[in-house]
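Notes to accompany the following structure.
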Amino acid sequence: MDVKEWYMEYKIHKNRPGLLGDIASLMGMLDINIVTINGVEDRTRGMLLQTNDEEKIDLMGKMLRKVDNITITALRPPKLVDILAVRHGRYIERDSDDRKTFRFTRDELGLLVDFLGEVFKRDGNHVIGLRGMPRVGKTESIIAGSVCANKRWTFVSSTLLRQTVRSQLSEDEMTPNNVFIIDGIVSTIRSNEKHHSLLQDIMAMPSTKVIEHPDIFIRESEYTYNHFDYIIELRNSPDEEINYDSFTYTSEPF
């Protein structure tokens with residue numbers, strides 16, 4: 001059987017000496033390998049596990065649920081948020097109503113870059129919206145995430161160095177392995193027909209697209225919220241309001 005990964009999380013009620021050793025010993029006897037272990041939030045521990053026998057995972061879960069000192073809160077194939085929780089020791093904040101929306105603050109840029117890097121590594125079509133006020137670190141995070149994923153990034157529209165709108169891309173840029181960076185305001189409000197045609201081609205490609213200011217992009221284009229796989233909000237502080245009242249753009253097509 002193929003080796004598969006699992007995520008286990010448990011809440012500690014009484015952190016007695018030797019508790020982790022007892023749990024690790026049980027896993028060792030069942031030939032379940034601990035890949036990564038870390039504390040996650042307050043008095044919670046997360047583990048990434050490997051085994052080639054799903055029945056052993058079920059058996060371990062039943063046995064550990066009988067241990068009075070802990071409560072198993074998760075035992076499942078790992079999601080992206082699980083992997084990052086073990087890696088960074090905390091869960092990413094998610095919208096309670098809209099589960100595709102993830103929230104970060106500027107002091108969590110390392111976690112955001114890691115999140116983006118893991119998404120960028122995946123093949124196929126992925127559309128990510130990135131909300132945030134100017135100079136909060138949106139574009140820099142996308143570039144850093146691309147580096148982590150060993151992917152090339154391509155600006156389709158941007159205000160990072162100057163306000164530009166691409167009307168064409170070279171052959172080596174039009175590859176699904178690239179991460180395409182799109183400014184949702186520039187591409188919809190300050191673009192031309194050639195850029196719109198290029199944008200449609202890119203949106204149809206089986207590639208990763210990151211769209212800054214997705215709300216304006218949705219409002220001013222034929223694309224909808226359903227086209228997005230993830231919505232990321234980046235703020236300077238948790239209570240910062242993201243609004244577009246002060247945004248003005250001019251563009252230089254090239």
Examine the range 47-59 for a residue that is of a type in the set (S, T, N, Q), in the same structural domain as Thr73 (by the TED database) and at pLDDT 95 or above, and state whether such a residue exists.
-> yes
All positions within the range 42-81 that are under 28 Å from Thr101 (Cβ atoms) and without any contact (Cβ under 8 Å) to a residue 60 or more places away in the chain = Asp42, Arg43, Thr44, Arg45, Gly46, Met47, Leu48, Leu80, Val81
Search the range 114-142 for residues being more than 13 Å from the chain's Cα centre (by Cα) and under 16 Å from Ser207 (Cβ atoms), and hand back the single one that is surrounded by the most Cβ atoms within 10 Å (Cβ to Cβ).
-> Asn125
Taking the range 206-223 and keeping residues open to solvent by less than 60 Å² (accessible area, probe 1.4 Å) and either touching a Leu at 6+ places or on another chain (Cβ under 7 Å) or closer than 25 Å to Asp245 by Cβ (or both) leaves Val210, Ile211, Glu212, His213, Pro214, Asp215, Ile216, Phe217, Ile218, Ser221, Tyr223
Arg94 is checked against (1) open to solvent by less than 50 Å² (accessible area, probe 1.4 Å); (2) in contact with a strand residue (DSSP E or B) (Cβ under 6 Å, 6 or more places away or on another chain) and fails just one. What number does that condition carry?
-> (1)
For the range 168-177, state whether one or more residues are open to solvent by less than 10 Å² (accessible area, probe 1.4 Å) and either assigned by the TED database to the domain that holds Leu80 or touching a residue at least 12 places away in the same chain (Cβ under 8 Å) (or both).
-> no
Which residue pairs have Cβ atoms under 7 Å apart, sit 6 or more places apart or on different chains, and have a first residue in the range 117-131 that is farther than 21 Å from Asp215 by Cα and at pLDDT 95 or above and a second that is open to solvent by less than 30 Å² (accessible area, probe 1.4 Å) and polar (S, T, N, Q)?
-> Phe120/Ser146; Phe120/Thr208
Which one of these is touching a residue at least 12 places away in the same chain (Cβ under 8 Å), farther than 15 Å from Ala85 by Cα and in contact with a strand residue (DSSP E or B) (Cβ under 9 Å, 6 or more places away or on another chain): Leu20, Leu26?
-> Leu20
Please specify each residue of the range 38-75 satisfying the condition of being closer than 22 Å to Lys14 by Cα, more than 30 Å from the chain's Cα centre (by Cα) and surrounded by fewer than 17 Cβ atoms within 10 Å (Cβ to Cβ).
-> Lys62, Met63, Arg65, Lys66, Val67, Asp68, Asn69
So which strands (runs of 3 or more DSSP E) stay within the range 101-219 end to end and still have 3 or more residues that are within 26 Å of Arg87 (Cα to Cα)?
-> 101-105, 126-131, 208-212
Check whether at least one residue in the range 216-225 is in contact with a Gly (Cβ under 9 Å, 6 or more places away or on another chain), polar (S, T, N, Q) and modelled with pLDDT of 95 or more, and report yes or no.
-> no
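The values are calculated or read from the model by the stated rules, or taken from the named source; none is laboratory data. Keep in mind that what you see is a predicted model, and the values were worked out from it rather than measured. Note that we place each Cβ from the backbone using ideal geometry, even for glycine, and neighbour counts take in every protein chain shown. For the accessible areas, the whole protein counts, side chains as well, though only heavy atoms, and no ligand, DNA or RNA atoms are used. Shrake-Rupley method; radii C 1.70, N 1.55, O 1.52, S 1.80 Å.
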